[in-house]
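The values are calculated or read from the model by the stated rules, or taken from the named source; none is laboratory data. All values derive from a computational prediction rather than experimental measurement. A quick note on method: Cβ atoms are made from the backbone with ideal geometry, for glycine too, and the neighbour counts reach across all protein chains shown. Note: areas computed on protein heavy atoms with side chains; ligands, DNA, RNA excluded. Shrake-Rupley method; radii C 1.70, N 1.55, O 1.52, S 1.80 Å.
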Amino acid sequence: MKTNHKKKKFVYLFFHLNLFFSSLPKSKRKEVINKCYWPLLNLINDSDFNIGIEITGWTLNEIKKIDHKWIILFKKLLKEKKTYLIGSSYTQAIFPLIPHEVNDFNIKYGKQIYKKILNQTPKIAYVNEQCLSKSVVDLYKNQNYKTLIMDWDSIKNNPNIKPEYQFYPQKLKGNKSIINVIWNSSNNFQNFQKTVHSKLSNTEYFEIFNKVNSYKEGVVSVYGSDAEIFDYRLKRFENEASISNKDSNEWKKIKIVLDKLQKKFTFLNLNQINKIYFKSKFNKQVVDITNIKNNLPTKKQKRYNPLRWYVGGQNNYKINTACWRIYLSGNKNKKVLKKLCYYWSSDFRTHIEKNRWENLFSQIKKDEKKLLKKNFLNKIFEKETNRTNYKKNVYFLENKTNIIHYDDSKYFFEFDKERGLSLISFGLIKNKMHLSYLRKYNQGYFYNDKLSVDFYCGHNVAENSNIKISDLDARGDIKITKKNNFIIFSNKFYRKNIIDIQKKWYFDTHKKILYLHNKIKTSDINFLTIRSNYFNINHDIFNFNKLKVSTKNGGLEREVFALKGNINFFHDEAISPKFTAKNCFGNTDGYINFSDNKNQVSFKVYNEVGISAPMLCFSKDRNNSSFFRLLTSLKENNDVESSSINRTFENLISIKIK
């Protein structure tokens with residue numbers, strides 16, 4: 001039966017509890033429980049604000065070890081329905097960047113811990129770090145969750161979304177399923193934090209809150225973020241607010257703010273939201289909040305994008321590569337999956353406390369070392385080498401002064417020897433016509449000023465605020481060798497005391513697959529970005545109105561994104577000097593496909609050789625022409641100051657066309 005409340009203006013709040021917090025030393029966990037978690041339970045016990053608690057299974061286990069009395073009171077308050085449990089997973093991890101099997105275990109194991117310690121099975125889940133993909137919907141739905149909490153402010157500019165949707169529960173479209181969604185608000189919770197931290201006056205806070213949240217009926221999030229920032233400071237940032245002398249107890253200040261809100265709004269337990277009848281047509285609409293431009297929406301401002309956990313942080317290239325090597329090694333029993341959930345925790349990838357980082361790095365390298373007896377690159381090519389029934393292929397290979405040309409009457413490609421052995425074209429021969437699926441664009445091809453440069457394929461670029469280096473800059477030491485069914489084209493580019501780039505193209509003359517392997521070593525210079533595998537999709541071959549891009553973002557199935565209807569976007573575009581890119585794909589099985597139902601190019605990134613984050617760039621031009629490019633990143637800069645500088649990067653990508 002639906003409840004018809006007199007007051008239809010609802011608010012809700014919950015606190016995110018995470019003893020795994022990146023900058024929190026292990027020795028300070030007891031202090032956080034005393035200063036943050038106990039005051040939270042006391043506030044819940046002494047009020048009727050219907051405050052929810054979201055907690056990972058790992059944190060719940062840790063609190064039980066440190067302070068079992070807290071667990072006893074939490075269970076009591078749950079039983080009395082003075083609070084409610086919001087789930088997430090065993091460890092906080094960025095699911096769109098992690099393979100399905102690990103994610104599925106992470107959610108399932110988290111639920112087992114909730115049941116064991118609290119005798120609770122939550123039906124509402126908080127999306128970790130508010131980083132969503134369509135597959136995340138499917139992951140939680142398959143584990144019998146009914147509702148997700150996701151940040152409104154990160155998706156409100158999506159053209160599929162109406163502004164009125166923010167005040168009502170909606171139905172979120174996944175890859176294969178649909179789940180209820182309730183909107184969190186990063187703007188609201190950040191203003192709440194500023195007010196409690198005395199960076200915003202109460203008057204200013206309520207003025208902003210009332211202006212932004214002017215609704216006649218519906219539900220709005222007051223707060224949905226960290227508990228550990230009240231009466232405790234983690235000292236992650238130089239500008240992080242200190243505890244004000246005039247507000248010696250920030251939890252008391254929280255109560256003052258909530259008391260005032262309660263005069264105007266009804267505080268809602270989110271488990272009761274389906275019992276409320278909202279008259280609006282904007283209630284419970286099916287929405288898709290992902291698109292090719294913003295396929296992995298993430299909390300807060302644009303600088304909080306998946307790249308910070310992918311190829312940013314202390315040394316995320318290294319630890320993410322190690323995670324993939326462990327995962328792909330074969331053995332995936334409970335012990336291994338539990339360890340991978342731990343290793344893939346998002347908090348290891350941002351402002352991680354020094355001792356915890358060193359311990360993690362030591363552990364993960366020890367596990368990876370067991371696998372390093374295998375040369376991952378050699379293993380891949382040994383598998384693809386045809387030694388039995390070897391039949392020699394007939395092809396024409398011409399090594400000119402500046403160009404290398406291959407042609408076997410079905411496939412062709414060309415390399416530019418003067419420009420770092422970059423790819424001029426790779427395509428099929430149909431009806432005696434050479435059709436370039438991937439191609440170089442010369443300056444002047446496009447009309448748009450932003451596109452008025454040479455766009456090469458298959459090169460590397462390393463850059464910081466003072467220097468930009470590319471293997472396009474000079475002709476290297478180029479060699480051609482043949483081994484079984486492979487032709488190997490190699491190039492070495494070297495700048496003394498700066499960078500060493502070794503590039504190898506492999507062409508499988510049997511399967512007609514082109515591979516590119518890069519190994520980059522930097523010297524004393526710390527580059528902000530290192531990017532590879534630039535490939536331009538030829539708009540003369542592909543129908544961009546029908547073109548779709550598919551890849552996996554943490555799920556079992558591929559997610560499909562249409563290019564049609566999109567305005568210009570550049571995932572690799574800097575947001576500021578500190579934040580060097582905007583977005584990427586998770587690519588959690590390595591494959592990224594481009595298809596218009598007639599033509600197809602399929603890329604595979606071999607994560608066990610070295611991870612790299614795939615990004616897209618798209619821009620419309622005059623006369624129905626368009627620029628569309630794939631590239632991958634080995635390193636991006638963000639707000640995390642790294643004390644662990646990696647000097648060696650490696651990756652392998654394959655390309656198949658049909």
Checklist entry - Tell me, what is the per residue accessible area of the range 53-96 in Å², probe radius 1.4 Å? => result 35 Å²
Item to check | Total charge dipole magnitude, the range 16-136, about the Cα centre, Cβ charges on Lys, Arg, Asp, Glu only, Debye to nearest 20 | outcome: 440 debye
Item to check | Which listed pairs, of Lys392/Lys503; Lys9/Lys162; Lys171/Lys299; Lys410/Lys512; Lys123/Lys264; Lys546/Lys620, have C-alpha distances above 21 Å, in listed order | outcome: Lys392/Lys503; Lys123/Lys264
Checklist entry - DSSP loop GluC sites (Glu not before Pro) in the range 558-627 with at most 14 other Cβ atoms within 10 Å of their Cβ, which ones? => result Glu573
Item to check | Straight-distance crosslink candidates among aspartates and glutamates, where the alpha carbon sits under 20 Å from Lys334 and sequence neighbours closer than 8 are dropped | outcome: Glu62, Glu101, Asp104, Asp367, Glu368
Checklist entry - Among residues other than Phe561 whose Cβ falls under 14 Å from its Cβ, what is the net charge (Lys/Arg +1, Asp/Glu -1)? => result +4
Next on the checklist: Can you compute 3J(HN,Hα) from phi for each residue in the range 604-612, using the Karplus curve 6.51 cos²θ - 1.76 cosθ + 1.60 with θ = phi - 60°, rounded to whole Hz and x for Gly and Pro?
Outcome noted: 10, 9, 8, 5, 6, 7, x, 6, 8
Checklist entry - Can you pick out the pairs among Lys479/Lys521; Lys116/Lys332; Lys318/Lys564; Lys176/Lys284 whose Cα atoms lie more than 30 Å from each other? => result Lys318/Lys564
Item to check | Members of Lys302/Lys658; Lys30/Lys339; Lys35/Lys216 lying beyond 30 Å, as alpha-carbon distances in this model show | outcome: Lys302/Lys658; Lys35/Lys216
Checklist outcome for this item: Stretched fully, the stretch from Lys410 through Asn375 gains (0.36 nm per residue minus C-alpha distance, one decimal, in nm) 9.3 nm
Checklist entry - For the range 345-487, taking Cα atoms only, what is the radius of gyration to one decimal and the Dmax to the nearest whole Å? => result 21.7, 64
Checklist entry - Nearest 0.05, what FRET efficiency do Arg647 and Ile66 give at R0 = 25 Å with Cβ-Cβ as r? => result 0.05
Checklist entry - Roughly speaking, what is the stretch gain from Ile208 to Lys492, that is 0.36 nm per residue apart minus the C-alpha to C-alpha distance, in nm to one decimal? => result 96.5 nm
Item to check | Stretchable slack from Trp38 to Asn386, in nm (0.36 nm times residue separation minus alpha-carbon distance) | outcome: 118.8 nm
Checklist entry - Efficiency by 1/(1 + (r/R0)^6): what FRET value for Asn431 and Ala574, r their Cβ-Cβ distance, R0 = 60 Å, to the nearest 0.05? => result 0.85
Next on the checklist: When a/c reaches 1.5 or more, the comparison of a/b and b/c decides; with that in mind, is the range 207-350 rounded, prolate or oblate per its Cα gyration tensor?
Outcome noted: oblate
Checklist entry - Which Cα, out of Trp58, Leu24, Leu73, lies furthest along the positive dipole direction of the range 1-85 (beta carbon charges, K/R +1, D/E -1)? => result Leu73
Checklist outcome for this item: Looks like the range 1-120, by Cα gyration tensor root eigenvalues a ≥ b ≥ c and the a/c under 1.5 rounded cutoff (else prolate when a/b is bigger than b/c, oblate otherwise), is oblate
Item to check | Selected from Asn316, Tyr114, Phe569, residue furthest toward positive end of dipole (the chain; charges at beta carbon) | outcome: Tyr114
Next on the checklist: Please list, by residue number, every one of the GluC sites (Glu not before Pro) in the range 410-474 that is coil in DSSP and has at most 15 other beta-carbon atoms within 10 Å.
Outcome noted: Glu418
Checklist entry - Label-point separation (nm) for Lys199 and Phe282, each offset 7 Å from Cα along Cα-to-Cβ? => result 2.8 nm
Checklist entry - Under the Kirkwood approximation applied to all pairs of distinct alpha-carbon atoms, what is the hydrodynamic radius of the range 37-99 in Å? => result 12.7 Å
Checklist entry - Where the accessible area of the chain is counted over protein heavy atoms with a 1.4 Å probe, how much of it, in %, is carbon and sulfur? => result 46 percent
Item to check | Cβ-based net charge around Arg531, under 9 Å, with every Lys or Arg adding one and every Asp or Glu removing one | outcome: -2
Checklist entry - Given charges of +1 on the Cβ of Lys and Arg and -1 on the Cβ of Asp and Glu, with all other atoms neutral, how large is the dipole of the chain about its Cα centre, in debye to the nearest 20? => result 1840 debye
Item to check | Restricting the range 609-652 to chymotrypsin sites (Phe, Trp or Tyr not before Pro) in coil, as DSSP defines it, with at most 13 other Cβ within 10 Å | outcome: none
Next on the checklist: Over the range 423-474, how many pairs of lysines fall under 23 Å by alpha carbon, counting only those 8 or more apart in sequence or from different chains?
Outcome noted: 5
Checklist entry - Let a ≥ b ≥ c be the square roots of the eigenvalues of the Cα gyration tensor of the range 409-553; is it rounded (a/c under 1.5), or, if not, prolate (a/b larger than b/c) or oblate? => result oblate
Item to check | Label point at Asn144 placed 7 Å out along Cα→Cβ; residues across the range 105-128 whose backbone nitrogen lies under 14 Å | outcome: 108-116, 119-124
Item to check | Rounded to the nearest 20 debye, dipole of the range 242-386 from Cβ charges on Lys, Arg, Asp, Glu | outcome: 320 debye
Next on the checklist: To make sure I understand the rule: partners must be lysines, Cα under 16 Å from the Cα of Lys338, and not fewer than 8 residues away in the same chain. Which ones qualify?
Outcome noted: Lys108, Lys111
Next on the checklist: Can you match Kirkwood radius over Cα pairs in Å to one of these, (i) 29.1; (ii) 26.6; (iii) 31.1, based on a calculation from the structure here?
Outcome noted: (ii)
Checklist entry - Can you list the aspartates and glutamates whose alpha carbon is less than 12 Å from that of Lys400, not counting same-chain residues fewer than 8 positions off? => result Glu414, Asp416, Glu418
